[in-house]
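See structure below.
The values are calculated or read from the model by the stated rules, or taken from the named source; none is laboratory data. A quick note: this is a predicted structure, and the numbers were derived from the prediction, not measured. Here the Cβ positions follow ideal geometry from the backbone for every residue, glycine too, while neighbour counts run over all protein chains shown.
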Amino acid sequence: MKITFLGTGVGIPQIGRVQSGLIMEMDGTPVLFDCGCGVLVRIVEAGYEHTDIGNIVLTHLHLDHVGDVLALLKANWLMGKTDMRIFGPQGTQEWFGKVMETYDYLKGNFEVEITELAGGETFTFQGIDCNITCTPTIHSTTSLAYRVECGGKSVVYTGDTEPSESVFEFARNADIMIHECSFPVNFEMTNHTTPDMFIEMLEQTQLHVKRLFFTHLYPHMKGHEKETLDHINQYFEGKVTIASDLMEIEV
Ligand SMILES: [Zn+2]
Ligand SMILES: [Zn+2]
């Protein structure tokens with residue numbers, strides 16, 4: 001499996017970090033997880049064709065995770081690809097319907113198949129020999145974390161969340177955990193993660209992942225990267241990295 005971070009930022013613009021998105025190459029096929037603004041260009045910058053994307057998995061429907069979904073569909077349509085499968089939380093169908101309502105000229109151009117997930121399900125993508133499971137996270141809207149099992153390797157992507165006991169259990173023994181870390185140490189926050197909140201959960205729950213990547217960085221994190229890593233390294237037995245746009249990982 002190969003993972004490419006496309007966007008490691010949030011709703012506030014930052015040089016070098018677009019909004020949320022990453023590609024997991026599973027069984028040779030790229031699957032897109034989240035598609036915030038800026039991700040469409042990053043797909044191409046990462047060396048993929050946007051028409052290679054036939055499956056989008058959404059953690060939740062906040063704009064910084066879905067802003068480029070319609071732009072990707074339109075780009076694909078312009079190049080003659082009209083089919084797409086979207087997996088997301090409850091409400092994805094209604095959200096997509098409303099978005100499409102606002103663009104008369106795009107109606108009827110795409111064949112989009114939407115699967116809504118409640119958390120707890122296992123699903124697969126057509127033609128890809130990997131299993132995906134999901135579980136709810138703690139965020140300000142319905143949101144899901146995903147665990148991908150491919151060829152004996154496992155990767156967990158949390159999307160937006162506070163550190164959560166159930167998400168840590170869900171991620172236990174994974175090869176890679178991609179967890180959000182929105183704000184620096186001592187930042188008072190709910191629905192998102194700071195390094196000290198992460199450590200508190202690490203002390204309460206057995207995690208045991210080999211590699212940890214932090215993503216979803218607010219501009220407030222700028223200049224606090226080393227402090228974040230030093231802090232986590234005191235408590236985390238594996239290797240921790242702060243992700244950047246276009247960073248690639250071989251799993
Ligand atoms: Zn969010
Ligand atoms: Zn977000």
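Some points to look at:
- Scanning segment 225-240 for residues that are of a type in the set (Ser, Thr, Tyr) and surrounded by 16 or more Cβ atoms within 10 Å (Cβ to Cβ) returns a single hit, Thr228.
- For segment 12-21, the criterion of being farther than 22 Å from Phe214 by Cα, modelled with pLDDT of 95 or more, assigned to a loop (DSSP other than H, G, I, E, B) and touching a strand residue (DSSP E or B) at 6+ places or on another chain (Cβ under 9 Å) is met by no residue.
- Odd one out for Trp95, checked against (1) part of a helix (DSSP H, G or I); (2) within 16 Å of ligand 2 (Cβ to nearest atom); (3) crowded, with 20+ Cβ neighbours inside 10 Å: (3)
- Scanning segment 21-41 turns up one or more residues that are farther than 20 Å from Ser244 by Cα and out of contact with any Cys (no Cβ under 8 Å at 6 or more places or on another chain).
- Among the candidates Gly54, Gly91, Gly47, the residue that is over 14 Å from the mean Cα position of the chain (by Cα), within 16 Å of ligand 1 (Cβ to nearest atom) and not aromatic (Phe, Trp, Tyr) is uniquely Gly91.
- Among the residues making up segment 55-88, those that are surrounded by fewer than 18 Cβ atoms within 10 Å (Cβ to Cβ) and in contact with a strand residue (DSSP E or B) (Cβ under 6 Å, 6 or more places away or on another chain) are Thr82, Asp83, Arg85.
- Cβ pairs under 6 Å, 6+ apart, first in segment 1-18 and under 19 Å from Thr193 (Cα atoms) and among the small types (Gly, Ala, Ser), second within 14 Å of ligand 1 (Cβ to nearest atom) and not in a strand (DSSP E or B): Gly7/Gln19; Gly7/Ser20; Gly7/Gly36; Gly9/Gln19; Gly11/Asp64
- Scanning segment 2-17 for residues that are within 15 Å of ligand 1 (Cβ to nearest atom) and crowded, with 24+ Cβ neighbours inside 10 Å returns Gly7, Thr8, Gly9, Val10.
- First in segment 63-88 and under 15 Å from Ser20 (Cα atoms) and within 16 Å of ligand 2 (Cβ to nearest atom), second anywhere and assigned to a helix (DSSP H, G or I) and at pLDDT 95 or above, Cβ under 6 Å, 6 or more apart: Asp68/Val39; Asp68/Leu40
- Of the listed requirements (1) within 24 Å of Val39 (Cα to Cα); (2) within 18 Å of the chain's Cα centre (by Cα); (3) more than 16 Å from ligand 1 (Cβ to nearest atom), Ala145 misses just one: (3).
- Filter result (without any contact (Cβ under 8 Å) to a residue 24 or more places away in the chain and either among the acidic types (Asp, Glu) or under 15 Å from Gln90 (Cβ atoms) (or both)) within segment 121-167: Glu121, Cys134, Glu149
- Subset tally (residues that are within 21 Å of Ser154 (Cα to Cα) and within 16 Å of ligand 1 (Cβ to nearest atom)) for segment 20-44: 5
- Segment 105-120, residues that are within 19 Å of Asn76 (Cβ to Cβ) and either without any contact (Cβ under 8 Å) to a residue 24 or more places away in the chain or among the hydroxyl-bearing types (Ser, Thr, Tyr) (or both): Tyr105, Lys107, Gly108, Thr115
- Taken together, the residues in segment 57-72 that are under 22 Å from Glu250 (Cα atoms) and more than 16 Å from ligand 1 (Cβ to nearest atom) amount to 0.
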